[in-house]
């Protein structure tokens, strides 16, 4: 038996709870504070978990007793509303910020791929494939990292309407609510166990995957059903002081990262209690229903989208300083208000094309159009929008092959490795232009084929590609970041294969030592001076130093592997660039106020060129 509701707008209005929007405002503000400065509110990222609980509660509420003719009508209506809610604001955000990041980042590939996958609700899976550490500073330079949570929600929305309908809840059958509660409850327990287990052994999977986040949105669903079916539960939770619950949530957000698992579970549970306990007459209800607070909640989706983009671009340009924060806050709220007023609201409430299938097709077309723009920025326009000095064009080229061939009888230098090959591309070109060598720089991860394949692909891919061209007197030069030696999938075995096959031909093998890593810069800072990043805007950390003994101690595993490999292969020539860059007790990432490293471990092109004579002399001596 179904319940007929004549006025669908009245039905939606009756379901609306303004205090929920107030809670959204609280959640998004904690996230923004954390993203400005993690030290102020270490657990502010838990605001995303509050959003997940709210999403599960609100979605279930919106589908409760909603009239639907059949499954087709139900599912098409659901996805029409989701498309109107999510796609327009996201598409505009991705379109605009993709162009901006290409202006300031000479190698925006990672950001563009994250943005591209976010359009299809897959950025969380892309970031997971990259083994991304959400809490590393380096993620702050990826302009679309925060879209992972949208990916989790969108994947949840694929599964959830089927649970709603086939449990009978969407059809308003007698046992529909009970069936949904039992089904979602079982999945919730499974998901929570998976989250707790994986967080200890594979944090990226626990953090980014939908199955290990399902329990958070599902708890909101269970809360709604419980409040509808058991008045006693609501009466009990209403007795809990909401201000106390709110205070506990805030207190948890000040806990250190070592408590991340416990903090997540606690905040999710307390968020459900807070939703249930906020009743008229309480101080919390009065605060969260304040029109200004509610308005911040209403624009929370646009705020969430734009705040990260603006902060990320700020880090690529002038940085984030005490004097810049007011302007950045104003820009965040200004863009969010504009997005809410001119994009989100009119397109969500408007009747796009009358029929639902046309709306769904139009939404898909919008996604494909923006995706095409990102592909264009990443391929035909690669590097052409960058408005800074071409300070490291070799780093810009390290994703495609570079060949300088003068004469097939000349020896060929093959430069392989990771992004650190960008240090020496200009040096090798300098040598090749003397017409004494040919030069080939192997592409690193062109397209998607080499993504997350580890150290072995840096070694085996060029072996497969060039082995028929190798000849006596050719030179292989390998360069990689120190972490690659620690985390590579048995790189010594793969590298040994390469060495054996090439040395049998009579080729020479050079291994360039890793550069020092300034851990305080750890990816969150860009030190290269540009017109849009003047010296006074560069972080003071870019002018620091590193004690050599501490670097060796922290990298003893990787250094040990390198030493073992060199002992086993005594014919390999080791180019000790590290000692040249750090001749004294301390490694300095500056010299007389001149920046030497553009980030934590990549040299500026000017500094790399200073190594030209050393490397040239070394090659000739061998």
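The values are calculated or read from the model by the stated rules, or taken from the named source; none is laboratory data. Source: prediction; values computed, not measured. Cβ atoms come from the backbone with ideal geometry, glycine included; neighbour counts cover every protein chain shown.
Residue under question is residue 606, and the condition is that it be part of a helix (DSSP H, G or I), surrounded by fewer than 16 Cβ atoms within 10 Å (Cβ to Cβ), touching a residue at least 12 places away in the same chain (Cβ under 8 Å) and out of contact with any strand residue (DSSP E or B) (no Cβ under 6 Å at 6 or more places or on another chain); does it hold?
yes
Within the set of pairs 6+ apart or on separate chains, which have a first residue in the stretch 334-351 that is over 15 Å from residue 91 (Cβ atoms), a second that is surrounded by fewer than 12 Cβ atoms within 10 Å (Cβ to Cβ), and C-beta atoms under 6 Å apart?
Here the result reads none, with nothing in the stretch 334-351 linked to a residue that is surrounded by fewer than 12 Cβ atoms within 10 Å (Cβ to Cβ).
Residue pairs, Cβ under 7 Å, 6 or more apart or interchain, first in the stretch 38-52 and in the same structural domain as residue 28 (by TED's automatic domain parsing), second surrounded by 24 or more Cβ atoms within 10 Å (Cβ to Cβ) and outside any helix (DSSP H, G or I). List them.
Cβ pairs passing all conditions: 52/213.
Do any residues in the stretch 304-333 that are outside the structural domain of residue 86 (by TED's automatic domain parsing) have Cβ atoms under 8 Å from those of residues that are part of a helix (DSSP H, G or I) and surrounded by 20 or more Cβ atoms within 10 Å (Cβ to Cβ), where the two are at least six apart or on different chains, and which pairs are they?
Listed by first residue and then by second, the contacts come to nothing, as the list is empty.
Here are some residues: 95, 52, 57. Which one is within 14 Å of residue 164 (Cβ to Cβ) and at pLDDT 95 or above?
Only one candidate passes the filter, namely 57.
At pLDDT below 90 and either more than 23 Å from residue 280 (Cβ to Cβ) or not in a loop (DSSP other than H, G, I, E, B) (or both), is that true of residue 14?
yes
Being surrounded by 15 or more Cβ atoms within 10 Å (Cβ to Cβ) and more than 21 Å from residue 139 (Cβ to Cβ) is the filter here, so list the residues in the stretch 191-210 that pass it.
Hits for the stretch 191-210 are 191, 192, 194, 196.
Quick check on my filter: what residues within the stretch 179-190 are out of contact with any helix residue (DSSP H, G or I) (no Cβ under 9 Å at 6 or more places or on another chain) and surrounded by 12 or more Cβ atoms within 10 Å (Cβ to Cβ)?
Result: 182, single match.
Any residue in the stretch 236-259 that is assigned by TED's automatic domain parsing to the domain that holds residue 143, outside any helix (DSSP H, G or I), under 26 Å from the mean Cα position of the chain (by Cα) and under 18 Å from residue 58 (Cβ atoms)?
No, there is no match, as no residue in the stretch 236-259 is assigned by TED's automatic domain parsing to the domain that holds residue 143, outside any helix (DSSP H, G or I), under 26 Å from the mean Cα position of the chain (by Cα) and under 18 Å from residue 58 (Cβ atoms).
Quick test for you: out of 148, 165, pick the one residue that is assigned by TED's automatic domain parsing to the domain that holds residue 92, buried (at least 20 other Cβ atoms within 10 Å of the Cβ), over 18 Å from the mean Cα position of the chain (by Cα) and under 30 Å from residue 77 (Cβ atoms).
It is 165.
Could you check, for the stretch 430-447, whether at least one of its residues is in the same structural domain as residue 559 (by TED's automatic domain parsing), within 27 Å of residue 614 (Cα to Cα), in a helix (DSSP H, G or I) and modelled with pLDDT of 80 or more?
Yes, because at least one residue in the stretch 430-447 is in the same structural domain as residue 559 (by TED's automatic domain parsing), within 27 Å of residue 614 (Cα to Cα), in a helix (DSSP H, G or I) and modelled with pLDDT of 80 or more.
Which residues, taken from the stretch 64-97, are closer than 20 Å to residue 225 by Cβ and surrounded by 21 or more Cβ atoms within 10 Å (Cβ to Cβ)?
The one that is closer than 20 Å to residue 225 by Cβ and surrounded by 21 or more Cβ atoms within 10 Å (Cβ to Cβ): 78.
I need every pair where a residue in the stretch 218-245 that is at negative phi has its Cβ under 6 Å from the Cβ of a residue that is surrounded by fewer than 16 Cβ atoms within 10 Å (Cβ to Cβ) and part of a loop (DSSP other than H, G, I, E, B), sequence separation at least 6 or different chains.
Note: pairs meeting the criteria are 238/279.
Based on what the data block shows, is residue 587 under 30 Å from residue 104 (Cβ atoms) and part of a helix (DSSP H, G or I)?
It is false that residue 587 is under 30 Å from residue 104 (Cβ atoms) and part of a helix (DSSP H, G or I).
Applying the selection to the stretch 528-566, what residues are assigned to a loop (DSSP other than H, G, I, E, B), out of contact with any strand residue (DSSP E or B) (no Cβ under 9 Å at 6 or more places or on another chain) and surrounded by 15 or more Cβ atoms within 10 Å (Cβ to Cβ)?
If the condition is that a residue be assigned to a loop (DSSP other than H, G, I, E, B), out of contact with any strand residue (DSSP E or B) (no Cβ under 9 Å at 6 or more places or on another chain) and surrounded by 15 or more Cβ atoms within 10 Å (Cβ to Cβ), then 539, 555 are the ones that fit.
Only one of 40, 5 is surrounded by fewer than 15 Cβ atoms within 10 Å (Cβ to Cβ), touching a helix residue (DSSP H, G or I) at 6+ places or on another chain (Cβ under 7 Å), more than 30 Å from residue 322 (Cα to Cα) and at pLDDT below 95; which?
Going through 40, 5 in turn, the sole match is 5.
With the structure loaded, tell me whether residue 309 is within 25 Å of residue 26 (Cα to Cα), surrounded by fewer than 16 Cβ atoms within 10 Å (Cβ to Cβ) and at pLDDT 95 or above or whether it fails that test.
no
Based on what the data block shows, is residue 100 farther than 20 Å from residue 305 by Cα and assigned by TED's automatic domain parsing to the domain that holds residue 62?
Criteria not met by residue 100.
Which members of the stretch 501-527 meet the condition of being in a helix (DSSP H, G or I) and either surrounded by fewer than 20 Cβ atoms within 10 Å (Cβ to Cβ) or touching a residue at least 40 places away in the same chain (Cβ under 8 Å) (or both)?
501, 503
Please pick out the residue among 472, 484 that is touching a helix residue (DSSP H, G or I) at 6+ places or on another chain (Cβ under 7 Å) and either surrounded by fewer than 21 Cβ atoms within 10 Å (Cβ to Cβ) or at pLDDT 75 or above (or both).
Within the list 472, 484, the selection yields 484.
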